[in-house]
Amino acid sequence: MQRSKWFALLFLLGAFVAGAAIGFAADRAVRHDRPGRHGSRSPLDHLSRELDLTPTQRAAFDTILEEKQKQIRQLFAPIRPQMDSLMALSKAIGDSTHEQLRHVLTPEQRAKFDKMHEEAKKRGADERRRWDMDKGPGPASGPGKGKS
């Protein structure tokens, strides 16, 4: 009984993480070209500009956020294999959904939709590379990295 509760909890956690990843990718695909986006700068770069952080404050932000990322990676390390499995299942569901949606569209819409889907997949691949590099979840661009 206790084991099934543990698997249910892991499944829900994995579903949450997968949903968040899919939601993030969808949000990026939909809002990618809207004005007011950060462009290729990181959210930390945007925050630093908006708050007019001094170099000392920025360095403190970087240190604090790097420590937070380290703690999160440690927190997720024990369940990483389960999360990877759930992400694979989530991808299969996403691919199936994409195919179902394509059937609703006209040929012209399909071409545009497929292009949007490929762009989202590339962004997702970048996120997965960052995940693998960091060995855990983290923001699209870590402190001081200046990417994304």
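Laboratory data are not the source of any read-out in this text; all were calculated from the coordinates shown. From a predicted model like this one, the values you see are computed outputs, not experimental measurements. Reconstructed Cβ throughout: ideal geometry from the backbone, glycine too, with neighbour counts over all protein chains shown.
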Pairs from 91/112; 91/115; 70/121 whose Cα-Cα separation, in the structure shown, is over 24 Å: 70/121
With each pseudo-label sitting 7 Å past Cα toward Cβ, what's the residue 82-residue 115 distance in nm, one decimal? 4.2 nm
Test of understanding: what is the full-extension gain from residue 74 to residue 15, defined as 0.36 nm times their sequence separation minus their Cα-Cα distance? 19.3 nm
